[in-house]
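Comments concern the structure below.
The values are calculated or read from the model by the stated rules, or taken from the named source; none is laboratory data. All values derive from a computational prediction rather than experimental measurement. So basically every Cβ, Gly included, is an ideal-geometry build from the backbone, and we count neighbours across all protein chains shown.
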Amino acid sequence: MQEWDNPMYQFRDTIKSSDYDSWIPTSAMIYGGTMIEKIIPGYQTLFVEGREMLSLDLESEKKSVGVHISAQRLPERSLTVHYKLIEQNSVEFQRSFKKLMRILYKQEDVEIHFNDELDTFYYGRYSVAEKVPGNTDSVVSSFTITCADPRKYSKTFETTGEISEYLPYDSVPDSISFTATKDSSVKVTNGMQTISISNAALKKGDRVEMLIREGKILINGENKTRILDLTSPFKSFTVKTGDVVKSDNGTPLIRYRGVWL
């Protein structure tokens with residue numbers, strides 16, 4: 001496609017070229033690795049609601065003046081995708097909706113990101129659709145994706161010690177892995193919290209994977225979570241910018257992501 005600048009008019013050649021298939025909106029969604037516009041030519045994202053600020057759920061008790069807030073929580077996030085779908089006839093129209101449902105229906109959360117924010121990831125699944133008239137071959141409508149975890153995540157970073165990336169909030173690492181350098185117990189610390197295995201000595205060469213988010217410890221690929229010391233703050237172990245994660249039995253590889261609200 002070619003464009004010419006003119007002080008009075010802007011001309012755009014409407015003939016498709018080999019490197020131009022369709023106009024992809026800036027807010028187009030990549031859902032479980034699939035961009036819908038590339039599968040259904042008549043589909044186009046118009047805009048998406050719910051990507052910006054989150055409202056909090058507050059628990060409060062009335063006082064003589066105002067309220068006492070006793071607790072707060074982050075509720076689920078709802079992403080509402082507004083779209084248009086245009087087809088040549090009602091047969092193609094119905095066929096496109098079958099394709100759309102095939103793309104959207106999942107039995108577990110999938111990774112979601114958007115064309116104008118490719119380095120930010122959500123996790124959720126399709127939940128609700130607005131009703132569509134049955135006597136048309138074009139429509140403007142919407143559907144909703146529910147993110148049980150309302151947070152946004154950055155891409156995954158890796159480090160062998162210092163957490164150098166900017167993290168706006170404390171983050172639970174995806175994993176901490178290392179190869180034991182001696183027959184001994186192990187302590188992994190961020191300077192404030194310590195994960196330890198002291199009741200079962202590791203063997204030199206053992207490959208240890210602490211899957212923090214999943215709450216598992218794998219040793220040479222086998223689930224050995226039970227050997228973790230009960231006092232270890234496993235699922236609550238976090239890192240922040242400037243932390244240095246150390247191990248006394250092997251060099252740790254920390255995989256972590258930034259978290260946004």
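Numbers below:
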{"quantity": "Check on TYR105, aromatic (Phe, Trp, Tyr) and surrounded by 15 or more Cβ atoms within 10 Å (Cβ to Cβ)", "calculated": "no"}
{"quantity": "Number of positions in the stretch 128-162 that are closer than 27 Å to ASP174 by Cα and part of a strand (DSSP E or B)", "calculated": "12"}
{"quantity": "So LYS152, is it among the basic types (Lys, Arg), within 15 Å of MET29 (Cβ to Cβ), modelled with pLDDT of 95 or more and loosely packed, with under 14 Cβ neighbours inside 10 Å", "calculated": "no"}
{"quantity": "Counted residues, the stretch 36-62 - those being loosely packed, with under 12 Cβ neighbours inside 10 Å and touching a Phe, Trp or Tyr at 6+ places or on another chain (Cβ under 9 Å)", "calculated": "0"}
{"quantity": "Residues (among the charged types (D, E, K, R) and either assigned to a strand (DSSP E or B) or under 20 Å from TYR123 (Cβ atoms) (or both)) located in the stretch 217-261", "calculated": "GLU222, LYS235, LYS246, ARG255, ARG257"}
{"quantity": "Residue in the stretch 89-99 that is farther than 22 Å from ASP149 by Cα, among the basic types (Lys, Arg) and without any contact (Cβ under 8 Å) to a residue 24 or more places away in the chain present", "calculated": "yes"}
{"quantity": "Condition broken by ALA200, with the remaining ones in (1) closer than 29 Å to TYR123 by Cα; (2) in contact with a helix residue (DSSP H, G or I) (Cβ under 8 Å, 6 or more places away or on another chain) satisfied", "calculated": "(1)"}
{"quantity": "Selected residue (criterion: farthest from the chain's Cα centre (by Cα)) from residues of the stretch 239-261 that are crowded, with 19+ Cβ neighbours inside 10 Å and of a type in the set (Val, Ile, Thr)", "calculated": "VAL245"}
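Results for (1) modelled with pLDDT of 95 or more; (2) more than 30 Å from MET101 (Cβ to Cβ); (3) among the aliphatic types (A, V, I, L, M); (4) under 33 Å from the mean Cα position of the chain (by Cα), shown as yes or no for each residue.
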site: MET1; (1), (2), (3), (4): no, yes, yes, no
site: PHE11; (1), (2), (3), (4): no, yes, no, no
site: ILE15; (1), (2), (3), (4): no, yes, yes, no
site: PRO25; (1), (2), (3), (4): no, no, no, yes
site: GLY32; (1), (2), (3), (4): yes, no, no, yes
site: PRO41; (1), (2), (3), (4): no, no, no, yes
site: THR45; (1), (2), (3), (4): yes, no, no, yes
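Residues checked against (1) touching a residue at least 24 places away in the same chain (Cβ under 8 Å); (2) of a type in the set (Ser, Thr, Tyr); (3) in the same structural domain as LEU74 (by TED's automatic domain parsing); (4) touching a strand residue (DSSP E or B) at 6+ places or on another chain (Cβ under 8 Å):
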residue: SER177; (1), (2), (3), (4): yes, yes, no, yes
residue: ILE197; (1), (2), (3), (4): yes, no, no, yes
residue: LEU228; (1), (2), (3), (4): yes, no, no, yes
residue: LYS235; (1), (2), (3), (4): yes, no, no, no
